[in-house]
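First up is the structure itself, then whatever we jot down about it.
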Amino acid sequence: MKRTRVAVLGAGIVGAACARELVLAGLQVTVVDRGGAAQATTAHGEGNVLVSDKAPGPELELAQLSRRLWPQVLADIAERSAHAVRAVEWEPKGGIVVATTDAGAVELSRFADAQRAAGVRAEVLDADALAAAEPLVTRDHTGALHYPDDAQVQPAAAAAALLTDALQGGAELRTGCEVLGGVMRAGRLTGVRTPAGLIEADMFVNAAGPWAGELAARLGAPVDVRPRRGDVLVTTPLPPTVFHKVYDADYVGAVGSSAEELQTSAVVESTRGGSVLVGSSRRRVGFDDSLRPEVLSGIAAKALRLFPGLAGVPVMRAYGGFRPYVPDHLPIIGADPRLTGLWHAGGHEGAGIGLSVGTARLLRNLLLDLPTEIDVTAFRVDRPAVLGATAHPAREETA
Ligand SMILES: Cc1cc2nc3c(=O)[nH]c(=O)nc-3n(C[C@H](O)[C@H](O)[C@H](O)COP(=O)(O)OP(=O)(O)OC[C@H]3O[C@@H](n4cnc5c(N)ncnc54)[C@H](O)[C@@H]3O)c2cc1C
């Protein structure tokens, strides 16, 4: 029997996770990327797998699903490729959120109460417990919470492990292959044009990260996904300094904000190699790839408020990337109602690493017309934030 052919457009972590799920479901998968695998946003962020920063609602449900799936997925891949999974550096180290103002402490406590009602574990840390958990964190704090279910991965390695498993299952990877446009027959998308020729399939998954809007427009069905720049500082390797993922309580506000101007908040974590990652910023500056001193110094100042002992620690490098941002801050997962054959998996903004495996599971079930583990209504393509003013019917184009 002829197998259903799916072309996954984009080989970041979301495309890799989707390709793996679809291969394991028995579909014939081709992954297409204009660059290399995991070389774009996935290689330019941090690797936090968080439930702590999400308010009750659909994104938290997706985060909880993903958090359940991560250990299972990695254990499953390890049976075939133990080396790829070791490189992922999965660390279920937990997160600690620290408030440094009275108002911040009240808001943090209110936020955690709502999360607990949605099944999130959030434990109050008094000053002694915080000092024991993070000896170098500021003593000048007003409240702290421990989230045992927060975890961390090395993002590019995680994408590589997912993709490796997909390739071992029979997927094909075509790198250096830019999708330039779509080909339609009888009202459905049947192929994508690339410099290397036409790639035909029964279904196409737009997993182009912050370029998902541009790619969808090339296929004739635009969606509103925009880049939201973020930068990170990397210290030289240090003796053990930061033991959890630690962030300032005002980070949650920055995540949920849609402001265009620069926002910084302290997000600090160590990596297995000893470097400390210090993030992060949020700016809407298109695809402007320049590192800006005022942004980097803003990030550093916030981090020093949380960890005064980091003063004087050498910064080895800085980098940044473009979060795929949708105006309502929710991912897009599902079929495009305007163009049969086109599906979307993207728009995860600053959470696409953590949410990738849950997204892929939902996409697989939707594509195969199976029940989904959580309600996907909020992620539908045909919501105003996604289609907005950009929506127009797909044009007919024949090969
Ligand atoms: C500073 C920063 C910190 C972050 N921290 C975290 C974190 O701690 N935890 C977390 O979960 N998330 C984090 N994120 C967000 C996370 O990195 C992204 O949500 C995620 O990487 C998006 O993955 P993706 O696969 O959708 O996109 P990408 O990784 O960008 O992949 C999209 C791919 O599509 C390809 N493509 C685009 N257009 C075309 C075309 N026309 N034809 C062919 N291929 C095309 C690109 O080459 C690219 O490889 C952070 C992001 C930044 C910038």
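Computing FRET efficiency as 1/(1 + (r/R0)^6) for Thr4 and Met316, where r is the C-beta to C-beta distance and R0 is 51 Å, gives about 0.65. The 3J(HN,Hα) values that the Karplus relation (6.51, -1.76, 1.60; θ = phi - 60°) gives for the range 62-67 are, in residue order, 5, 5, 5, 4, 5, 5 Hz. Gly and Pro appear as x. Report the local net charge at Arg292: Lys and Arg +1, Asp and Glu -1, summed over other residues whose C-beta lies under 12 Å from its C-beta. Residues near Arg292 contribute -2 overall. Radius of gyration over Kirkwood radius for the range 25-81, both on Cα atoms: the Rg/Rh ratio is 1.04. The mean sequence separation of alpha-carbon pairs under 8 Å and at least six residues apart, normalised by the residue count of the range 199-284, gives a relative contact order of 30 percent. Of the GluC sites (Glu not before Pro) in the range 258-301, the ones in a loop by DSSP (not H, G, I, E or B) with at most 15 other beta carbons within 10 Å are Glu260, Glu261. Over all other residues within a Cβ to Cβ distance under 9 Å of Val120, the charged ones net out to +2, with Lys and Arg as +1 and Asp and Glu as -1. The mean sequence separation of alpha-carbon pairs under 8 Å and at least six residues apart, normalised by the residue count of the range 149-244, gives a relative contact order of 15 percent.
Our summary of shape: the Cα atoms of the chain have principal axis extents of 66, 46, 42 Å, ordered from largest down, in whole angstrom. Derived scalar couplings between HN and Hα for the range 157-162 equal 5, 5, 4, 5, 5, 5 Hz in order, rounded to whole Hz, by the Karplus curve 6.51 cos²θ - 1.76 cosθ + 1.60 (θ = phi - 60°), x for Gly and Pro. A cut-off of 5 Å between modelled amide H atoms, ignoring neighbours fewer than 5 places along the same chain, links Val285 with Arg229. In terms of surrounding Cβ atoms within a 10 Å radius of their Cβ, Asp328, Asp150, Asp140 rank from fewest to most as Asp140, Asp328, Asp150.
Rounded to the nearest 10 degrees, the angle from helix 13-24 to the longest Cα principal axis of the chain is 50 degrees. Highest mobility in the GNM of the chain, judged by mean-square fluctuation with C-alpha springs under 10 Å and restricted to Ala201, Ala156, Ala25, is found for Ala25. Remark on the range 60-178: hydrodynamic radius 16.9 angstrom, per the Kirkwood mean of 1/r across alpha carbon pairs.
Compared with the dominant principal axis of the Cα atoms in the chain, helix 293-306 is inclined by about 50°. For the range 350-361, the Karplus equation 6.51 cos²θ - 1.76 cosθ + 1.60, evaluated at θ = phi - 60°, returns couplings of x, 9, x, 5, x, 7, 4, 6, x, 4, 5, 5 Hz by residue, with Gly and Pro reported as x.
When peptides 375-388, 117-130 are sorted by average Cβ neighbour count within 10 Å, with the highest value leading, the order is 375-388, 117-130. The Cβ shell under 13 Å around Leu366 holds other residues with a net charge of -2, Lys and Arg each +1, Asp and Glu each -1.
We did not get these values from a lab; they are worked out from the coordinates using the rules stated. Computed from a prediction, not measured in an experiment: that's the story for all the values here. Every residue, glycine as well, gets a Cβ built from its backbone with ideal geometry; the counts of neighbours run over all protein chains shown.
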